Amino acid sequence: MNIERLLKCRMVAGLGWSLVSGYFSIFGTIAMSSGGSSSISRTDFYADSDPGIRIYLREIRDPSTNGDNGPILLVHGARVPGAASFDLPVPGGSLAEDLVKAGFIAYVMDIRGYGRSTLPREMSDPPERHAPLVRSNEAVRDIDAAVDSIRKRTGRKRVSLFGWATGGQWAGYYAALHSDKLSHLVIHNALYGANTPQPLVGQGSDLEDPNQPGQLNPALGAYRWNAASSLLAGWDKSIPLDNKNEWRDPAVAEAYVHEALASDSAAADHNPPAFRSPNGAMEDSFYLATGRQLWDASFITVPTLVIASERDFWSRREDRDLLMAHLVHAPIKRLVTIPDATHFVHLDRNEHGRQQLLDALIQFCQARSAP
């Protein structure tokens, strides 16, 4: 299936993104048109971060329960926003919904520059005019705005925090500053600053200045355009089967691409369609991949779970070893490696690591949930 061609045909035919994505929204309340439980509701709202910056959040909950395991915030990675990462409208595509079924109140967010959150005005200019946008210090302030909003909305003093890839790095950074607002921290497939090769974003990658080895490429720019093919290439490569559909549901893969492109109103202006993502995450990833820490895990004082996929192409074993060594004040620290799992394990089929991820996440956060 040529996903880019399919999307272009749908857009030319005049199908709105709300129809393509499978959601219908009125006054901030969302109902799933497919793949979701009828007892689970979704509500969109915003939280204020820095002046002029509004952060989009989606609440996923079961109104018939109290969410006894408390609120949990899911933080996306460097390119694809929150709903496209964690709340796809197809069976097996919503980590958030599965957590709700386990007794949590789930929230997904968009960091500034992503999805429905405020885009820096520089993202309207050609990317080469500005330095990389949305560094980790800004992402952490957005997470803080989201956490405070969730605490106020639920009446809970503490929130569980889960971050995937760059989102895990942001979540750890946040926990180092604000452990007092968290009940649990879960870091999944994240870089930490180990000084060991990382060919994707480290030395020898396109992020390195070809004229000054070890330095960031000054041509990186403020943001980048991401086409559908770029979303599936790494995932495909890490699946050890010729038939990728045996490992992941093709409906999940298609929904992932659809929702990522739907996150940017300018996607249809490109051929093939593409969405923007800020490059600050890539600058920070280059530093982390070349041995530079951006935060210190010794400041984290909440129970912390580190989850690694064995086939992950992003984080390294040395990142996890260093992180675990630095978690000296976490009252509980645990490392779980999911055998044969990919970077996208939460979107793979249950028998290929997704269920193991869910079990580890639920068991860890469920056992010591704060009121």
| query | Mean separation of Cα pairs under 8 Å and 6+ residues apart, divided by the residue count of region 68-189: what relative contact order is that in percent? | reply | 29
| field | Three-way shape label, region 44-200, alpha-carbon gyration tensor, a/c 1.5 | value | prolate
| remark: The percentage of the accessible area of the chain (probe 1.4 Å, all protein chains present) made up of carbon and sulfur atoms, to the nearest whole number, is 49
| request: Indicate, rounded to the nearest 5 percent, the antiparallel portion of the DSSP beta bridges found entirely in the chain. | output: 50
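Calculate how large, on average over all directions, the projected area of the Cα convex hull of region 254-353 is; give the answer in nm² to one decimal. Present the calculation step by step, with values, prior to reporting the outcome.
On the way: hull surface 34.1 nm².
So the mean shadow area of the Cα hull is 8.5 nm².
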| field | C-alpha center-to-center spacing [region 253-331, region 215-232] in angstrom | value | 15
| query | With the calculation restricted to Cα positions, what are the radius of gyration and Dmax of the chain in angstrom? | reply | 19.2, 60
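When Rg is the radius of gyration of the Cα atoms in region 62-144 and Rh is its Kirkwood radius, what does Rg/Rh come to? Mind showing how you got there, number by number?
Working: Rg = 15.6 Å, Rh = 14.4 Å.
A ratio of 1.08.
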| query | How many angstrom lie between the C-alpha centres of region 50-88 and region 107-155? | reply | 13
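What order do you get for 52-65, 161-174, 297-310 when each peptide is scored by the mean count of other beta carbon atoms within 10 Å, highest first?
Details: 52-65: 18.7, 161-174: 28.3, 297-310: 22.3.
Top to bottom by mean Cβ count within 10 Å: 161-174, 297-310, 52-65.
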| Where only protein heavy atoms count, and the probe is 1.4 Å, what is the accessible area per residue for the chain in Å²? | 40
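Let me make sure I get this right: for region 148-305, a, b and c are the square roots of the gyration tensor eigenvalues over alpha carbons, sorted descending. Under 1.5 in a/c it's rounded, otherwise prolate if a/b > b/c, else oblate. Which is it? The partial results should precede the final answer.
On the way: a/c = 1.64, a/b = 1.20, b/c = 1.38.
The shape class here is oblate.
Sorting check: for 182-194, 323-335, which peptide has the highest mean count of neighbouring beta carbons within 10 Å, and how do the rest follow?
Details: 182-194: 25.8, 323-335: 17.2.
Per-residue Cβ counts within 10 Å, averaged per peptide and sorted highest first, yield 182-194, 323-335.
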| query | Sorted by average packing, counted as other Cβ atoms within 10 angstrom per residue and highest first, what order do 269-276, 140-147, 234-241 take? | reply | 140-147, 269-276, 234-241
| For region 46-109, what class follows from the C-alpha gyration tensor (a ≥ b ≥ c being the square roots of its eigenvalues): rounded when a/c is under 1.5, otherwise prolate if a/b is larger than b/c, else oblate? | oblate
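The values are calculated or read from the model by the stated rules, or taken from the named source; none is laboratory data. Worth saying up front: this structure is predicted, and the values here are computed from it rather than measured. Here the Cβ is made from the backbone with ideal geometry for all residues, glycine too, and neighbour counts use every protein chain on show. The accessibility values were calculated without ligands, DNA or RNA, using every heavy atom of the protein model including side chains. Shrake-Rupley method; radii C 1.70, N 1.55, O 1.52, S 1.80 Å.
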